[in-house]
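Q: Attaching a single structure in structure tokens format; questions to follow.
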Amino acid sequence: MLDIAAMETLAGNSDPSVAMAGQVGSQIKMMVGQNWLVATVRTLALDARVAAHVVAEIDFIGEGDQEQLTGRIFRFRRGVTRFPVPGTQVYPVSNSDMVEIYSAHDQKCIEIGTVYPTAATRAALLVDSLLGKHFALLGSTGTGKSTAAALILHRICDLSPQGHIVMIDPHGEYGAAFATNGAVYGANNLELPYWLMNFEEHCEILVTSKGPERAMDCDILAKCLLAARARNRAAEGIGRLTVDSPVPYLLSDLGTILQNEMGKLEKTTNTLPYVRLRARLDEIKADPRFSFMFSGMLVADSMQTFLSKVFRLPAQGKPISIIDTSSMPSEIIHVVVSVLARLIFDFALWARDEEQKPILLVCEEAHRYIPSSSIGEGQSVRKILERIAKEGRKYGVSLGLITQRPSDLAEGVLSQCGTLIAMRLNNDRDQHFVKAAMPEGSRGFLDAIPALRNRECIVCGEGVSVPIRVAFDDLEPNRRPASADPVFSELWRQTGGEDEILERTVNRWRNQGR
């Protein structure tokens, strides 16, 4: 129960934390024994019995000891051991209290902005907890999500210049932001060898049929693929060669084996499945758009070089590699992401006896790759990302998901993210989805999600000591992603150069190159 007159008296206070006291989303404190309890105000309603009082619903967030000389909070910690009895006095939380509540103490942290409503209290993310238990950045389009992601990743890179971060960038907007401290790979320089794919990924690209025919085609492909891998010299020293082993093979060998199998009399089917597979293989070899993956030049055993390049081992001061998939053909993007995610997981799995090299995989537009539907294309990438979400922590693989449609994500993946960074979400279904995934004590903050301004967010979970509302810092222009909205009112007043623009664009379009 809050006194309206006391709240109005505090409203003019020079300390913004004290001036906000008692309003929705503000912090209040109360004394229980020798401890200060801190709580967030969730709702306010006029008291039906006493006109001068307001009844507030509050969420307790933690407790701290009382400093003997000043009476302030110190040694603040999450969780509450003793609850107050009715009639306990309620006090406003001051700016110095806020600093103590939100400080990271001795833990390694990155500062991303200021805590609402203060002007100077810094908001810190605890790096080890943020990365160790996965995180998700959610927000409707246009709320500053890309800039927020760039800000967090820049702060992590500045703290850890020898880190290992792989980012999937489907719009080609982060290359500009990480030009100085990252390596950018696209269709022109990624050189992802086709033989690194496992059997399931081969099926997604090479098998085009549906229904019972698909199972038949997959069986034939498995047999021929194993035979093609076995022809390699490197396979001779491997005792247990499987269809999934990352051993180089020649595409021409696979084509020849398919041809030979088709000619055998004892085959169990007609020749149609062989013809389908052979035609699809020839089509991919001939298509220049697939050359970054299915080129005859990629047959050498370059696995070690490729992993070193993409995983930044060693980082050489550029800890992040941006995989720009915007110029890759849309039907192969799922497979590219699947191969990269699986390589990260398998590398961590087989390197368990070595000195650990944790890797962070960041997925922009994550709802594309982990859809809620378990049918349709792209199931291999869904399976591996779900597996990383569930088991990656044990092997030192961290997952960062960035999405504007959390309700389209596979169920359970969001709840595996220990830290949620929620920006404004306009869609009611998305808000409900995030509420279900949020930890219990931070539910009071959720009502503020539709009212957040651009570049503001609510952070809760493992990465912060208590749930906070943050206004993000400004990022330097040269470190921002190329995702600014066009200024229609200005651009539609300009004229000139249209012929040259059209000519250059059509040329790039026809050559399928940037």
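Q: So for each of 157-164, 495-502, 5-12 I average, over its residues, the number of other beta carbons within 10 Å; can you give me the resulting order with the highest mean first?
A: 157-164, 5-12, 495-502
Q: If the viscosity is 0.692 mPa s and the temperature 37 °C, what Stokes-Einstein diffusion coefficient in µm²/s follows for region 356-512 when Rh is the Kirkwood radius over Cα pairs? All intermediate terms of the calculation are to be shown ahead of the outcome.
A: Details: Rh = 18.7 Å.
In µm²/s, the coefficient is 175.
Q: Right, something else. So, with +1 on the Cβ of K and R and -1 on the Cβ of D and E, and no other charges, what is the size of the charge dipole of region 90-152 about its Cα centre, to the nearest 20 debye?
A: Rounded to the nearest 20 debye, it is 260 debye.
Q: Right, another one. Using the Karplus curve 6.51 cos²θ - 1.76 cosθ + 1.60 with θ = phi - 60°, work out ³J(HN,Hα) for each residue of region 279-287 in order, rounded to whole Hz, and write x for Gly and Pro.
A: Calculated HN-Hα couplings, in order: 5, 5, 5, 5, 5, 5, 5, 7, 7 Hz.
Q: Within region 180-230, report the trypsin sites (Lys or Arg not before Pro) that DSSP leaves as loop and that have at most 15 other Cβ atoms within 10 Å.
A: Numbers: sites: LYS210, ARG214, LYS223, ARG229; in loops: LYS210.
Answer by residue number: LYS210.
Q: Shifting gears a bit: Starting at the first residue of region 171-182, write each ³J(HN,Hα) from the Karplus equation 6.51 cos²θ - 1.76 cosθ + 1.60 with θ = phi - 60°, in whole Hz, x for Gly and Pro.
A: With the stated coefficients, region 171-182 comes to 10, x, 9, 8, x, 5, 5, 10, 4, 8, 10, x Hz.
Q: Loop-only check: which trypsin sites (Lys or Arg not before Pro) in region 384-464 are DSSP coil with at most 13 other Cβ within 10 angstrom?
A: When the trypsin sites (Lys or Arg not before Pro) of region 384-464 are filtered for loop state and at most 13 Cβ neighbours within 10 Å, ARG453 remain.
Q: Please work out the average accessible area per residue across region 356-424, using the 1.4 Å probe convention, and give it in Å². Numbers along the way, then the final one.
A: Values: 2500 Å² over 69 residues.
That works out to 36 Å² per residue.
Q: Now for a separate question. Please report Rg (one decimal) and Dmax (integer) in Å for the Cα set of the chain.
A: 27.8, 95
Q: Related question: Could you point to the residue in SER407, ALA389, SER17 farthest towards the positive end of the chain's charge dipole, with +1 and -1 charges on the Cβ of Lys/Arg and Asp/Glu respectively?
A: Farthest towards the positive pole: ALA389.
Q: Leaving out ligands, DNA and RNA, and with a 1.4 Å probe, what % of the accessible surface on the chain is carbon or sulfur? If you can, show how the numbers build up before the last one.
A: On the way: 12940 of 24980 Å².
Whole-percent figure for carbon plus sulfur exposure: 52.
Q: Can you show me the helix-derived [θ] at 222 nm for the chain, built from DSSP H runs with n ≥ 4 at -39,500 (n - 2.57) apiece and divided by the number of residues, rounded to the nearest 500.
A: Details: 18 runs with 181 residues, N = 514.
That comes out to -10500 deg cm²/dmol.
Q: Under a 1.4 Å probe, what is the accessible area of region 98-242 per residue, stated in Å²?
A: Dividing the accessible area of region 98-242 by its residue count gives 39 Å².
Q: How many nm is it between the label spots at LEU491 and LEU272, if each spot is 7 Å from the Cα in line with the beta carbon?
A: Taking the simple label geometry, LEU491 and LEU272 are separated by 4.9 nm.
Q: Right, here's the next one. Could you work out how far apart the two model spin labels at THR505 and ALA52 are, taking each label as a point 7 Å from the Cα in the direction of the beta carbon, and quote it in nm?
A: Calculated label separation equals 6.9 nm.
Q: Can you list, largest first and rounded to whole Å, the semi-axes you get for region 241-346 by taking the square root of 5 times each eigenvalue of its Cα gyration tensor?
A: In descending order, the three semi-axes are 33, 16, 12 Å.
Q: What list of ³J(HN,Hα) couplings, whole Hz, do you get for region 392-398 from phi and the Karplus terms 6.51, -1.76, 1.60, once you set θ to phi - 60° and write x for glycine and proline?
A: Residue by residue, region 392-398 yields x, 4, 5, 9, x, 10, 10 Hz.
Q: While we're here: Would you compute, for the Cα atoms of region 265-323, the largest minus smallest coordinate along each principal axis and list the three values in descending order, in whole Å?
A: Projected onto its principal axes, the Cα set of region 265-323 covers 58, 26, 18 Å.
Q: Also, quick follow-up: Which of TYR249, VAL339, TYR91 sits farthest toward the positive end of the charge dipole of the chain, with +1 on the Cβ of Lys and Arg and -1 on the Cβ of Asp and Glu?
A: TYR249
The values are calculated or read from the model by the stated rules, or taken from the named source; none is laboratory data. This is a predicted model, so every value here is computed, not measured. Here Cβ is always computed from backbone atoms with ideal geometry, including for glycine, and neighbour counts include all displayed protein chains. Side chains are part of the model used for accessible areas, which takes the heavy atoms of the whole protein and leaves out ligands, DNA and RNA. Shrake-Rupley method; radii C 1.70, N 1.55, O 1.52, S 1.80 Å.
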